Amino acid sequence: MLRRLGPTVRTPETAGDPLFPQKLEFNPPVHENWNIVHIAMQIPELHQIYICGVNCMRGVVLTAAEMAASDRFSYVLLREEDVVDGTIWEATRDGIADVLRKLPSLPPCVAVFPVCTHHFMGVDMESIYRFLEQEFPEIDFIRAWMDPIMQKHGLPPDQRLRKVMYDPLQPLPVKEKTVTLLGAEFALEPDSDIRRILSKNGYALRELQDCKTYTDYLRLAEGETFLVTYPGGKFGITQTAKRLGRPCHFLPMSFDYDSIVASLKELTDALHLEPLDILEEQRQCDAALEKACKVMGDTPIVIDMLFHPRPLELTKLLLRHGFRVTEVYLDAVDEAERSALDWLKANAPDLELRSIILPEQRIADRTRAEKTLAIGPKAAWFTSTPYFVNVVQGGGLWGYAGIRRLCDLMIDAFQNEKDTRDIVPRKGLGCVSCL
């Protein structure tokens, strides 16, 4: 049943009431987050094949084109009769095989993306993979999915993809003093705490972003220890490390000093490393925050969950250091941020938690009377400010160095305007783009 949303905009939630009802969702025109096409394309020499109807195909085709990767992308179009006549299994199997035979050369790895329709029709995809592996033994086939119907149940598609995209990795002899960090779309910043502490102790750090060839990608399995920092990659990388017989440590991105200390201690204890000077790291962070706060003055700051998986920790950090944070755009509170939420309830009861996806947001007032600094592109769009930190999904920021780097980004964003309407609709921040 259709229901008129009406002209009345829902009153913003406060920090004491962070839950929003689940209903029809609004998708703001901010597309800098990475979708499954972007994520899978990180594997060098990989070819992607999608099997779906023309309506769904439009988005993934455009993503590949917009990131100038159409030569690594193919598709098989499903027709209505494939569903009605029960020939979807044959259309899928033969379509994929036909695509591969027509390529100029066979790629070393192919990610196959069936869709929701394959779930609905009960297609035996495993039998199709067995056929493909017999026909093309030189190819590693990744069993991916494009099934947004699973978005609200179990692991979402992007998290499952971050698992299966490492399935081709096979056990290799350990390369001593080598650590593999996976699961995030952005490499760690050059001066991140993890990089510095590993380098200080003679360890090499490998990330997917370093790989230039498929052979480089396969050698990621040589790491003696696996790390993951992005929560969306935790399941996949933990499972990959377990399969390869390697220890794995989740060192979450965080703006909480105690959490950062705990992660660094876990790393140093596991590898018997000489630690960083924590007191000095914190002193430098406090100085960077004080400097940024002097520049910002009483400027209102808005933050969104696309910028970082822990926006409430960032809010707490900034408020404790004198910044004026007025709004946070998010739709759910992760369990890891419960303590930050409790602190905000007690210390910042007027802070507004605003939904990103409630349909009322489509007609919400996006103007602000004062110059406003946004941290994250969705916060920038919702407040129509040209002053924003253009980072998504953590952006490689980690630990104390990440906080200091954020302070520099905030100062730069405050002093230099950006073209918000041009920038935030572009897909996959940081990807090669032909736009």
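The values are calculated or read from the model by the stated rules, or taken from the named source; none is laboratory data. Predicted, not measured: the structure shown is a model, and the values here were computed from it. Neighbour counts run over all protein chains shown; Cβ positions are idealised from the backbone, glycine included. Heavy atoms of the whole protein, side chains included, go into the accessibility calculation; ligands, DNA and RNA do not. Shrake-Rupley method; radii C 1.70, N 1.55, O 1.52, S 1.80 Å.
So that you can scan it fast, the table gives a plain yes or no per residue for (1) open to solvent by 30 Å² or more (accessible area, probe 1.4 Å); (2) in contact with a strand residue (DSSP E or B) (Cβ under 6 Å, 6 or more places away or on another chain):
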{"residue": "Leu218", "(1), (2)": "yes, no"}
{"residue": "Leu227", "(1), (2)": "no, yes"}
{"residue": "Ala241", "(1), (2)": "no, yes"}
{"residue": "Phe250", "(1), (2)": "yes, yes"}
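Just to verify a result, which residue in the stretch 152-183, among those that are outside any loop (DSSP other than H, G, I, E, B) and acidic (Asp, Glu), is surrounded by the most Cβ atoms within 10 Å (Cβ to Cβ)? Going through the qualifying residues, I end up with Asp158.
So, in the stretch 131-151, of the ones that are in a helix (DSSP H, G or I) and within 31 Å of the chain's Cα centre (by Cα), which residue ends up surrounded by the most Cβ atoms within 10 Å (Cβ to Cβ)? Filtering the stretch 131-151 for residues that are in a helix (DSSP H, G or I) and within 31 Å of the chain's Cα centre (by Cα), the one surrounded by the most Cβ atoms within 10 Å (Cβ to Cβ) comes out as Leu132. When Pro21 is tested against (1) in a loop (DSSP other than H, G, I, E, B); (2) within 20 Å of the chain's Cα centre (by Cα), exactly one condition is not met: (2).
Selection within the stretch 46-85: residues that are among the charged types (D, E, K, R) and open to solvent by 10 Å² or more (accessible area, probe 1.4 Å). The member of this set that is nearest to Glu32 (Cα to Cα) is Glu66. Looking at the stretch 86-121, which of the residues that are more than 21 Å from Arg160 (Cβ to Cβ) and among the hydroxyl-bearing types (Ser, Thr, Tyr) is most open to solvent (accessible area, probe 1.4 Å)? Checking each candidate, the answer is Ser105. Among what's in the stretch 29-45 and is in contact with a Leu (Cβ under 6 Å, 6 or more places away or on another chain) and in a helix (DSSP H, G or I), pick the residue that is least open to solvent (accessible area, probe 1.4 Å). The selected residue is Ile39.
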